[in-house]
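Quick note: the coordinates plus some simple rules give every number you see, no bench work behind them. Fair warning: this is a prediction, and the values are worked out from it, not measured in the lab. When we count neighbours, we look across all protein chains shown, and the Cβ atoms used for this are built from the backbone with ideal geometry, even at glycine.
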Amino acid sequence: MGRRSTRSAVALAAVLCLLASASLAGAEVTQEGNLRVSFTGGIAPNALPRKGRAPVKVRFGGEIKTIDGQAPPQLREISLAINRNGKFDFRGLPACHYHQIHPASTKEAIATCPDSVIGEGVFSAHVELPEQSPFPSAGSVTAFNGAFHGRHVIFAHVFGTAPLPQSQVLVFNLSKGSGAYGTTLTAELPRVAAEWGYVSGVSLSLSKVFRYKGKQRSLLVAGCPAPGGAEVAAFNFARASFGFEDGRNLGVTMTRSCRVKQP
Amino acid sequence: MTPLPGTHRAHSPTGLDVSIEVPSNEAPDGFSASTVKRTVIEFPEGMTVSPSAVAGLDACSEAQVGLGNNDAPTCPSGAKLGNVTIETQLLKDPLQGEVVLAKQKENPFNSTYAVYLLAKGLGFYLKLPAEMNLDQETGQLRVIFDNLPKLPFENVHLDFRGGPTAPLVTPNTCGDYTIKTEVFPWARPNEPVVDSVPMPINENCEGGGEFNPRLQAGVENPVAGAKSPLVIRVTREDGEQNLSKIEVTLPKGEIANLKGLEVCPEDVAASGNCPAGSQVGIATSALGTGAFPLFVPQAGKEPTALYFAGPYKGAPYSLITKVPAQAGPFDFGDIVVRTAIDLNPVTAQVIAKSDPLPQILEGVPIQYRDVRIEVKKPDFSVNPTSCEQRYVTTTITSIDGTEAHPSVPTKVGDCGALNFGPKLKFKVKGGTNRGDFQALTAILKTGKKEANMSRVQVALPHALFLAQEHIGTVCTRVQFAADNCPAASVYGFARAITPLLDKPLEGPVYLRSSTNPLPDLVADLQGQFDIELAGRIDSENGGIRNTFETVPDAPVTKFVLKMKGGKKSLIVNSRNLCLAPVRAKVRMVGQNGKRHNERPAIQTSCGKKSKKGKKK
């Protein structure tokens, strides 16, 4: 390979890396009627082994708006199907129970199930009571490895003090995906402030490195599915969807890229 | 005929000089002038009979006059209104006499107002009745002498007394007025000699038509929390527009003790014939124009009264002011004015709105100069327990619809002598585990001789979170005002016991829309009066906090707030309540400025369960 072709390959790789970075930080936007959802998400680190898997952190989020300023419908279901190259490994993680962390502040919930914490995020909502100025309600999200009615689940514990102290727990059921997707997380959301509120945004990142039976383990592991010779691969990172009370269901396939981590 | 008022000043009592001249024909071959059969004097609108004139006045009956006989009249001296002089060519000396007031309804015209012209001649008495017609709506006055004797005279001069108790009052505003006269001769009774006599009113024009009523108000014993008579007085100057309606808002905390008070039955309320037990005060009025208005009640006449009555014009209570319209020789029955009594539901301020005041009575315009209400039933009026300066405010409306808003500051003292140490207890009913919903009960008790509550703030412990999933709905302010809150917006019940009412005030507790970031928690207390107690909801150090910023300055011996539990509970445990005591943080401020803070433990069922277990 001549010097010129080498320079071209480096330049291409750099462009691909930039594109990869850009896609990780970017958002997929989908709209139906006046309702618009911006999904964000990705994995980190971006450099992953071609063969085998390495610990990763998965980030996922969604922002809900309307283009005409009306209040969005209530978000009632979140679904996230993760590419089968990413694997959950819950072995050795203690399971927390619903009643242990709800209701509770973040601090109390973590203190109750410290070893079950597997992630964190934020949650925002707006409450528009009749004749009342709308006020935001924001909270922190803490993810716990959990057990609920005999099932293995992920709890997303939401706690906020504004405007009043309140907590909520979203139960993400885990199921096997199909095709390109290995694991699907699905949660049904309760109504926010009865019929007067709406979720405006939610984000969650999952990661946990822990030791079990003398070995270091990670909640999530993934590899880079780049074909032989290629240093960069683009893949369908996840299929995300939000289901709303009015029947609308907005979803996207989030495409991300990775680069092969050199041994 | 030339009727001339004694003054050109506006809105002033005035006497009157009336001269009727019938010139005799001196020509030897000429005809004599006809004798006068009837005279009519019509005064301009605005020139009316003065109520000030009747104070101390007396009247003469037909019997005392002796119409139809030649006996000397025996009218009381107090009945005299003026003098009369009659010059006739038949007599050397003029006839001298008096003009006296005739008794109401006991005169040849069976009218309310009449006068007699009584003059003594040589061996005879001239007795002439004259009718006074007063327009029942405008008070315009017409004086009619009819069927006069065929006595030839050259001049009749009537001189009605002047001064502050003169019988007439000039118009309120300056202008060129005219007095219309008609003289009917016996010769041609249908062909009167009509004339208009100018009556310029061009002095004392200032103030005519303005409206600047003044207010005085206060309590006799200005000690905080004391029971004391209350006086409210509205005055207006001569010439200003007359009073029509009076609305008074008492200062915060100036309230009434209705416990055991008899209420005037509705079937007699309109007549003012209320039982003595319902009387709470008296009323005094000064009516008329000039320096000596007529004060009602007059000595020796029936007293006035202020009665407490039932619902009126949407208000839960009313006051009935009964003023016997008796003055001098006149008795016009009772003037009854009803005043709706309502309470500001937030501040518990008493708001009294009078009906329109009568403007004319039997043709006599009532110019209100001084209206004084004295609420003096013992133990009825209760003073505030706050010593801050507060105000009696009013909206006083004139007959032309002009509004004035005079107010006066009021202040009581000795607030420091009042204690302030109410006790607030809490208990929750429900499971004690994390996630269990709670029915919260708060009980406030106050002691005797304590200042009333001004502000109370309760911060619940961090162990109790908002159960947001149970916020079914809230009552909008529009719905609340229409008393139409949805059932789902009821989250509790409240009851307030006050020593001033026969029954407790009680009602539902709503979440109601507000201008605060969160809906307010509102106790809609209903009973003899309706009170709404609104608490602002927010958080403090991660705990739910409720603040009642405006608590009425009224004594409450016990207040109970019960929030619903179960599926309507707004409170959920964020931890096991039995692990450690849960305490509320209470900050209370009395109306006298004293503060009382507490950290009461919230009573749970933890102890009870273990007790039961031990028994088993």
Within a 10 angstrom radius of the beta carbon, how do A:43, B:86 rank from fewest other beta carbons to most? B:86, A:43
Show the residues, 5+ positions off or on another chain, whose built amide H is closer than 5 Å to the amide H of residue B:366. B:360, B:361
Going by Cα centres, the range B:272-297 and the range B:400-472 are how many Å apart? 42 Å
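Taking the range B:414-523, which trypsin sites (Lys or Arg not before Pro) meet the DSSP loop condition and have no more than 15 other C-beta atoms within 10 Å?
Passing both the DSSP loop test and the Cβ count: B:448, B:449.
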Set of lysines near residue B:245 by C-alpha distance (under 27 Å), chain-local residues within fewer than 8 positions excluded: B:301, B:313, B:322, B:353, B:376, B:377, B:411
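Let a ≥ b ≥ c be the square roots of the eigenvalues of the Cα gyration tensor of the range B:2-201; is it rounded (a/c under 1.5), or, if not, prolate (a/b larger than b/c) or oblate? Walk me through the intermediate numbers first.
On the way: a/c = 1.77, a/b = 1.18, b/c = 1.50.
Verdict is oblate for the range B:2-201.
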Where Lys and Arg each count +1 and Asp and Glu each count -1, what net charge lies around residue B:181 among other residues with Cβ under 10 Å from its Cβ? -2
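FRET efficiency for residue A:54 and residue A:140, Cβ-Cβ distance as r, R0 = 25 Å, nearest 0.05?
Values: r = 28 Å, r/R0 = 1.12.
Between residue A:54 and residue A:140 the formula returns 0.35.
Within the range B:220-323, which trypsin sites (Lys or Arg not before Pro) sit in a loop by DSSP and count at most 12 neighbouring Cβ atoms inside 10 Å?
On the way: sites: B:227, B:233, B:236, B:245, B:252, B:259, B:301, B:313, B:322; in loops: B:236, B:252, B:259, B:301, B:313.
Qualifying residues, ordered by number: B:313.
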Within chain B, which is the longest segment containing none of the chymotrypsin sites (Phe, Trp or Tyr not before Pro) that sit in a DSSP loop and have at most 16 other Cβ atoms within 10 Å? B:187-616
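Chain A: longest stretch without exposed trypsin sites (Lys or Arg not before Pro) (DSSP loop, at most 13 other Cβ within 10 Å), sites themselves excluded? List each step's numbers first, then the result.
Working: sites that count: A:51, A:91, A:213.
By the stated rule (loop sites, at most 13 other Cβ atoms within 10 Å), A:92-212.
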Computed E for residue B:195/residue B:478 - FRET, C-beta separation, R0 51 angstrom, nearest 0.05: 0.15
When chain A is treated as a Gaussian network with springs between alpha carbons less than 10 Å apart, the largest mean-square fluctuation among A:94, A:227, A:45 is found at A:227
Set Lys and Arg Cβ to +1 and Asp and Glu Cβ to -1, take the dipole of the range B:214-415 about its Cα centre, and tell me which of B:361, B:332, B:275 lies farthest positive. B:275
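Determine the dipole magnitude for the range A:208-258: charges of +1 sit on the beta-carbon of Lys and Arg, -1 on that of Asp and Glu, nothing else is charged, the reference point is the Cα centre, and the result goes in debye to the nearest 20.
Details: 8 positive and 3 negative charges, 105 e Å.
Dipole magnitude for the range A:208-258 comes out near 500 debye.
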Can you give the angle from 0 to 90° between the axis of helix B:606-615 and the longest principal axis of chain B, with both taken from C-alpha atoms, to the nearest 10? 60 degrees
In the neighbourhood of residue A:209 defined by beta carbon distances under 10 Å, the net charge of the other residues (Lys, Arg +1; Asp, Glu -1) is +4
Obtain the nm distance between the two label points defined at residue B:391 and residue A:246 by a simple spin-label model: each point lies 7 Å from its Cα along the Cα-to-C-beta direction. 5.0 nm
Put a dot 7 Å past each Cα toward the Cβ at residue B:63 and residue B:38; how far apart are the dots in nm? 3.2 nm
With axes computed from alpha carbons, what is the tilt in degrees of helix A:3-25 against the longest principal axis of chain A, rounded to the nearest 10 within 0 to 90? 10 degrees
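How much net charge surrounds residue A:228 when only the other residues with a Cβ under 12 Å from the Cβ of residue A:228 are counted, with Lys and Arg +1 and Asp and Glu -1? All intermediate terms of the calculation are to be shown ahead of the outcome.
Values: positive: A:50, A:51; negative: A:231.
Cβ neighbours under 12 Å give a net charge of +1.
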Distance in nm between residue B:403 and residue B:216 label points, each 7 Å along Cα→Cβ, equals 2.7 nm
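According to the square roots a ≥ b ≥ c of the eigenvalues of the Cα gyration tensor, what is the shape class of the range B:418-613, taking rounded for a/c under 1.5, prolate for a/b larger than b/c otherwise, and oblate for the remainder?
Numbers: a/c = 1.65, a/b = 1.17, b/c = 1.41.
Since a/c reaches 1.5 but b/c is at least a/b, the shape of the range B:418-613 is classed as oblate.
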In the range B:418-613, if the dipole is taken from +1 on Lys/Arg beta carbons and -1 on Asp/Glu beta carbons about the Cα centre, which of B:566, B:607, B:525 is farthest to the positive end? B:607
Just going by the charge dipole of chain A, with Lys and Arg at +1 and Asp and Glu at -1 on Cβ, which of A:121, A:30, A:210 is farthest out on the positive end? A:210
When the helices in the protein assembly as shown are scored as -39500 (n - 2.57) per DSSP H run of 4 or longer and the sum is shared across all residues, what 222 nm value do you end up with, to the nearest 500 deg cm²/dmol? -2000 deg cm²/dmol
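At R0 = 51 Å, how high is the FRET efficiency between residue A:91 and residue A:68 if r is their beta carbon distance? Nearest 0.05 is fine.
Values: r = 49 Å, r/R0 = 0.95.
Approximately 0.55, to the nearest 0.05.
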